[in-house]
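Comments concern the structure below.
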Amino acid sequence: QVQLVESGGGLVQPGGSLILSCAASGSTFSIYAMGWYRQAPGKERELVAIITSAGSPNYTDSAKGRFTISRDNAKNTVYLQMNSLKPEDTAVYYCKVRTFLARDYWGKGTLVTVSS
C-alpha cells in the first residue's frame, strides 16, 4: 500500500506560479512512476505530467513550457512547479503513483484556483 498526501494548492492570480507537492509513504520502494492529474469542474480527469523512477518526465501539451515535474526519491516526493498560470488551469490536482506491478494509488487532491 502507498499513501499520498498532496499540498500546495490555493488561489493564485493569472500569470502567477504555484508549487504542488505530493509525499508518498508506505511501500514506497514499489513506486515506478509518479504523476499529476487534474480535474476541472464538469470535465474528466486528465494527465498533466508524469515522471519515472529514473527521472524521465513527460508532459501533456497543456503543461509543456509552463509546468515542471520533479521527483526527490530520497523524500519520496513529487513536485509540480506551475508557472504562467491561466484561469483554465483551475482544477483539483491529484497525485498518482504507479508501482512496478502496475498498481495505481491516488491522493485526495488539492484545489488550484487561478483567478483575479
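The values are calculated or read from the model by the stated rules, or taken from the named source; none is laboratory data. Since the structure is predicted, the reported quantities are computational estimates derived from the model, not experimental observations. Counting neighbours? That spans all protein chains shown, and the Cβs are built from the backbone with ideal geometry, glycine included. What goes into the accessible areas is simple: the full protein's heavy atoms, side chains included, and nothing from ligands, DNA or RNA. Shrake-Rupley method; radii C 1.70, N 1.55, O 1.52, S 1.80 Å.
Can you say whether S70 is over 15 Å from T113 (Cβ atoms) and among the hydroxyl-bearing types (S, T, Y), as far as the supplied structure shows? The answer is yes for S70. Filter the range 38-55 down to the residues that are free of Cβ contacts under 8 Å to residues at least 60 places away in the same chain and among the basic types (K, R), then identify the one that is most open to solvent (accessible area, probe 1.4 Å). Out of the qualifying residues, it is K43. Here are some conditions: (1) touching a residue at least 24 places away in the same chain (Cβ under 8 Å); (2) farther than 22 Å from V5 by Cβ; (3) among the aliphatic types (A, V, I, L, M); (4) open to solvent by 30 Å² or more (accessible area, probe 1.4 Å). V92 meets all but one. Which one does it not meet? With respect to (1) touching a residue at least 24 places away in the same chain (Cβ under 8 Å); (2) farther than 22 Å from V5 by Cβ; (3) among the aliphatic types (A, V, I, L, M); (4) open to solvent by 30 Å² or more (accessible area, probe 1.4 Å), V92 is out only on (2).
Right, D72: open to solvent by less than 60 Å² (accessible area, probe 1.4 Å) and under 18 Å from L111 (Cα atoms) or not? No: the conditions fail for D72. When the residues of the range 96-110 are narrowed to those that are open to solvent by less than 100 Å² (accessible area, probe 1.4 Å), of a type outside the set (D, E, K, R) and in a strand (DSSP E or B), which ends up modelled with the lowest pLDDT? Filtering first and then ranking leaves T99. Just one residue in the set G35, G15, G9 is touching a residue at least 60 places away in the same chain (Cβ under 8 Å), farther than 17 Å from V97 by Cβ, of a type in the set (G, A, S) and surrounded by 16 or more Cβ atoms within 10 Å (Cβ to Cβ); that residue is G9.
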